[in-house]
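Structure record follows, encoded as structure tokens.
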Amino acid sequence: MKRKFEAVEEDSFDNQGVAWWRGRLLGKGGCGSVYLASLKPESSNAFYPPHMAVKSAEFSLSRSLRKEKEVFDHLRDCPYILECYGEEITVNNKGQMVYNLLLEYASGETLFDLIRRSGDRGLPESDVKRYIRSIPKGIDYIHSHEYVHCDLKPENVLLVRSGSGDFVPKIGDFGLAKKVQKKKRRTFDSSIAGTILYMAPETLADHIQESPSDIWALGCIVYEMFTGKPLWGLNLAESTEELRERIADRFELPEIPCGISKDRKDFLKGCLVKNHKLRFTIKKLLNHRFVSGIDDKKSTSLLGYNCFRMKLLCPLTILESFYKFLALYTLLCKIIRY
């Protein structure tokens, strides 16, 4: 199964927002392009940071981004989830309307970048321990708000620099997130989404994407952190269908390396149970010996600066309304000129 490493190319989103300048292109995905944005000097305030990541798409193609904004609105005030500062509509140099999602900038790139730089050795024990509590706490917050992420993977765990200079892992990219079905009787859902290397057996076999599916993906991420390799490998000659059969039908789960401690093995095995009903819950994982042995004060001390900033962001909805009004006014002026 080939994992894509696409070259980043420039595109036509060279416009600016009311309060920010669009900078260099950081990356491109299926839902849009991500840019580094800088706050305009005259717009400096306590609500927007000096730098942001702006995810943009033509408005006609921005349904996924607008859905992501709705999910972010329900997941505010969690130090383990990427912050969203609002949305804005601009006009590009072709006169097209562009939807922009304003997000926290992850200067440390992603967990995937960190793992890739480690080669086949995996991450140092200190890094794994630092991240292993933050990521499950973010998942717990998502599940407590009745959402399933549906696309947890190292690329969607972003490393944000804290006030102390350390990097804090935060979960991002909620474009594929789903609301938990409350019906007692499950209905067949043909619209499964995500990345097959991190999809659970029940998702591939029966199109079930619920909270246990995120737990499976967490196990895949932790395995990759330990070993430096994806759980199912990177067989370039293997087709998507062959990989699906290996995960969902034959369930050829690779052996956990011998060098991993007993507690870490038990944590992984609890995540990677084929029967989703028997898989560990997120609460059980947070109380697991491997995680509970981590000093919570040390892990949360990295978040002090962001926790302080969140107090300043309480009036964010007022600010969003103000900037939306300015953006709409600017947009109308530009449309009239065109």
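The numbers here are math on the coordinates, done by the rules we state, and not lab data. Since this is a predicted model, take the numbers as computed values, not measurements. Positions of Cβ are backbone-derived with ideal geometry, glycine not excepted, and every protein chain shown enters the neighbour counts.
A few comments on the model shown:
- Applying a threshold of 23 Å to the alpha-carbon distances of Lys262/Lys284; Lys67/Lys229; Lys55/Lys153; Lys28/Lys170; Lys170/Lys262 flags Lys67/Lys229; Lys170/Lys262 as lying beyond it.
- Ordered by the count of other Cβ atoms within 10 Å of each Cβ, fewest first, Cys258, Cys78 give Cys258, Cys78.
- Shown here are the Rg and Dmax of the Cα trace of segment 111-301, at 16.2, 48 Å.
- Globularity ratio of segment 41-128, using Cα Rg and 2.2 N^0.38 Å: 1.38
- Cut-off under 5 Å, modelled amide H: who pairs with Tyr85 long-range: Leu102, Leu103, Glu104
- Computed Kirkwood radius, in angstrom, where 1/r is averaged over Cα pairs of segment 225-278: 12.7 Å
- Over segment 199-259: Kirkwood hydrodynamic radius from C-alpha pairwise inverse distances, Å: 12.3 Å
- Summary value for segment 111-301: 25 percent relative contact order, contacts being C-alpha pairs under 8 angstrom separated by 6+ residues.
- Dipole magnitude for segment 111-301: about 820 debye, using +1 per Lys or Arg Cβ and -1 per Asp or Glu Cβ, origin at the Cα centre.
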